[in-house]
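The values are calculated or read from the model by the stated rules, or taken from the named source; none is laboratory data. The structure displayed is predicted, hence computed values, not measured ones. Quick reminder, even Gly has a Cβ in these numbers, built from the backbone with ideal geometry, and neighbours come from all protein chains shown.
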Amino acid sequence: MIDFLKNFLNGTLLQLFKKKKMIKLGLYGPPNSGKSTLANRISVDWLGEKMSTVSSIPHETREVTSKEEVKIKHDGKEINFNLVDTPGIATKIDYEDFLKFNMNKKDAKKRAKEATKGVIDSIKWLDEMDCVLVVLDSTQNPYSQVNITILGNLAARKIPVLVVANKTDLKKARIKKIESAFPQYPVVAISAEKGHNIEGLYEQLFKVIK
C-alpha cells in the first residue's frame, strides 16, 4: 500500500512538472530576415518591452537571447512560452562582407568571428526548441541552401514549424513562392516592422503549438 501511494504521488508530481514546463519558441532564419524585429513585436505586444537590437547590417544578433514567460492570448486561449531569438543562419561568413557597411577591418573581423559562433550556438539550441518560427524575407528566393538546411534540421528533430513570410509590405514580396517552396508547412504572411497580420500569426501559433 505504501509503495502504491509513493508511485501514485511520484507519478502525479511528474505530470504536474510536465504541465508546468515552459515551451521554448525559437525564431530561426537567415540573416536580416526580420527575426529580431518580430521578436521585438511579440515582446512589446505581450510584455511591453523590446528584447533585441535590430540593424540593416547583417548579423546584428550574434548571441542567443530570450524572454521568459511570454503569454499570448487569442480567442479565449492562452500559450505560455519562453521566446528565443537566435543569430541568423549562414553557410559562409566573410569579414569582407561587413566592410561594405563602412566598418573598419578590425571590427569587421570581430563581427565575423562572433557571427560564426552565433550560428553554431543557434544550431545547438535547436535541441532545446519545442516549436520554431522560421522567419523568411518574402522578397528573397526561398530555395536557398540556408533555408533548406534549417527546415531539414527541424524535420529531422520532428519540431513543429510555422513558416513566417516576412516583409510583405515591400513590393517585391512573393508569398506564393514561399508557400510553393515549403508546402509541407503552414505559412503566415506578415510585416513584423509594420505590424501587418500579427494577429494572424498569433492565431496560427495556437494551431501549431498543441
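Residues are listed down the side, and each one gets a yes or a no for (1) touching a Cys at 6+ places or on another chain (Cβ under 9 Å); (2) at pLDDT below 95; (3) of a type in the set (Phe, Trp, Tyr); (4) under 16 Å from THR37 (Cα atoms):
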{"position": "THR149", "(1), (2), (3), (4)": "no, yes, no, no"}
{"position": "VAL161", "(1), (2), (3), (4)": "yes, no, no, no"}
{"position": "LYS167", "(1), (2), (3), (4)": "no, no, no, yes"}
{"position": "SER191", "(1), (2), (3), (4)": "no, no, no, yes"}
{"position": "LYS194", "(1), (2), (3), (4)": "no, no, no, yes"}
{"position": "ASN197", "(1), (2), (3), (4)": "no, no, no, yes"}
{"position": "LEU201", "(1), (2), (3), (4)": "no, no, no, yes"}
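Checking the condition among the polar types (S, T, N, Q), without any contact (Cβ under 8 Å) to a residue 40 or more places away in the chain and either touching a strand residue (DSSP E or B) at 6+ places or on another chain (Cβ under 9 Å) or farther than 24 Å from ARG62 by Cβ (or both), which residue from ASN141, ASN166, ASN147, ASN102 passes?
ASN141
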Would you confirm, using the coordinates I've provided, whether VAL164 is in contact with a helix residue (DSSP H, G or I) (Cβ under 6 Å, 6 or more places away or on another chain) and either part of a strand (DSSP E or B) or aromatic (Phe, Trp, Tyr) (or both)?
no
Qualifying positions in the range 176-202 - assigned to a loop (DSSP other than H, G, I, E, B) and more than 15 Å from LEU136 (Cβ to Cβ)
LYS194, GLY195
Hey, could you check the range 161-178 for residues that are within 23 Å of THR91 (Cα to Cα) and either in contact with a Gly (Cβ under 9 Å, 6 or more places away or on another chain) or not aliphatic (A, V, I, L, M) (or both) and say which is surrounded by the fewest Cβ atoms within 10 Å (Cβ to Cβ)?
LYS177
Is it the case that ALA173 is free of Cβ contacts under 8 Å to residues at least 40 places away in the same chain, over 14 Å from VAL208 (Cβ atoms), touching a strand residue (DSSP E or B) at 6+ places or on another chain (Cβ under 8 Å) and not in a loop (DSSP other than H, G, I, E, B)?
no
Does at least one position in the range 60-82 carry a residue that is over 29 Å from ASP45 (Cβ atoms) and either in contact with a helix residue (DSSP H, G or I) (Cβ under 8 Å, 6 or more places away or on another chain) or surrounded by fewer than 20 Cβ atoms within 10 Å (Cβ to Cβ) (or both)?
no
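Assess whether TYR143 counts as being hydroxyl-bearing (Ser, Thr, Tyr), loosely packed, with under 14 Cβ neighbours inside 10 Å and either at pLDDT below 90 or assigned to a loop (DSSP other than H, G, I, E, B) (or both).
On the way: hydroxyl-bearing (Ser, Thr, Tyr): yes; loosely packed, with under 14 Cβ neighbours inside 10 Å: yes; either at pLDDT below 90 or assigned to a loop (DSSP other than H, G, I, E, B) (or both): yes.
Judged against the criteria, TYR143 is a match.
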So ASN166 passes all but one of these: (1) over 16 Å from the mean Cα position of the chain (by Cα); (2) closer than 24 Å to GLU203 by Cβ. Which condition number does it fail?
(1)
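It is to be established whether one or more residues within the range 133-148 are farther than 24 Å from ASP97 by Cβ and under 15 Å from the mean Cα position of the chain (by Cα). Break it down into steps so the answer makes sense when it comes.
Applying the first criterion (farther than 24 Å from ASP97 by Cβ) to the range 133-148 yields 133.
From what is left, the residues that are under 15 Å from the mean Cα position of the chain (by Cα) are 133.
Yes, that holds for at least one residue.
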Scanning the range 67-86 residue by residue, the ones that are touching a residue at least 40 places away in the same chain (Cβ under 8 Å) and not β-branched (Val, Ile, Thr) total 10
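Scan the range 122-138 for residues that are in a helix (DSSP H, G or I) and either touching a strand residue (DSSP E or B) at 6+ places or on another chain (Cβ under 7 Å) or surrounded by 14 or more Cβ atoms within 10 Å (Cβ to Cβ) (or both) and jot them down.
Going through the range 122-138, the residues in a helix (DSSP H, G or I) turn out to be 122-128.
Matches in the range 122-138: SER122, ILE123, TRP125, LEU126, GLU128.
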